[in-house]
1. Restricting attention to the range 65-74, and to residues there that are at pLDDT 70 or above and either aliphatic (A, V, I, L, M) or farther than 10 Å from residue 129 by Cα (or both), which single residue is surrounded by the most Cβ atoms within 10 Å (Cβ to Cβ)?
2. Read through the list (1) exposed (fewer than 13 other Cβ atoms within 10 Å of the Cβ); (2) outside any loop (DSSP other than H, G, I, E, B); (3) modelled with pLDDT under 80, then give the number of the only condition that residue 91 fails.
3. Being over 29 Å from residue 126 (Cβ atoms), surrounded by fewer than 15 Cβ atoms within 10 Å (Cβ to Cβ) and at pLDDT 85 or above: is that true of residue 26 here?
4. Give me a count of the residues in the range 94-138 that are closer than 24 Å to residue 152 by Cβ, among the small types (Gly, Ala, Ser) and at pLDDT 90 or above.
5. When the range 121-169 is examined, which residues are found to be assigned to a helix (DSSP H, G or I) and buried (at least 19 other Cβ atoms within 10 Å of the Cβ)?
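The values are calculated or read from the model by the stated rules, or taken from the named source; none is laboratory data. Predicted, not measured: the structure shown is a model, and the values here were computed from it. All Cβ positions, even for glycine, are placed from backbone atoms using ideal geometry, and neighbour counts span all protein chains on display.
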Amino acid sequence: MSEQSRTILHEAMEQQTISIAKAGIIATLNARTSVLAAANPVESCYNPRLSVIENIQMPPTLLSRFDLVHPVLSNDASDTLITGYMDMRRLGSAHVAYGVPKTITATPRQLESLIRLSEAHAKIRLSPVVERVDVEEALRLMKIATQQSATDPITGRIDLDLLQTGHSAAWRQRVNELARCPMEPFAGA
């Protein structure tokens, strides 16, 4: 981050103003807003032996202006998250062989939600690190919420298309089958 960017952020976060200089005129504008920022660790890998300040190379005077610093995922939590997400993805193709259309059971949005839920659970425990227990709870909550809101009444299976389009994959398949039916019996009607 450049020194100029740091100066601007300092002013906005500390004094809740931003100064703009144009044509010899300096204007100070109110900047009463929240700032959400993300930073990549040095060399793209968070080192737990270093402080947050050393990992993201942000001066402590600026970092102290932020209200929260997100916890990091432990390796075990990360593995559990990947396995849980992949299991959710596999649900959609589990019954394709039985004539049930492939359904969408997990998207990258669900993965992002799982990460946020895991982080929130870790924060509730006052932990700076997301552990396996946090991911397991996030997966449990996601499973219950998905079952309650995205279960196809026709097939009894989870289908996120219900939430995204209002129609299930089974419904779309039936509509497509009807569209392919010959219209001859109705020609004389």
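1. Here the answer is 73.
2. (1)
3. yes
4. The total comes to 1.
5. 121, 122, 134, 135, 138, 139, 142, 146, 161, 162, 169
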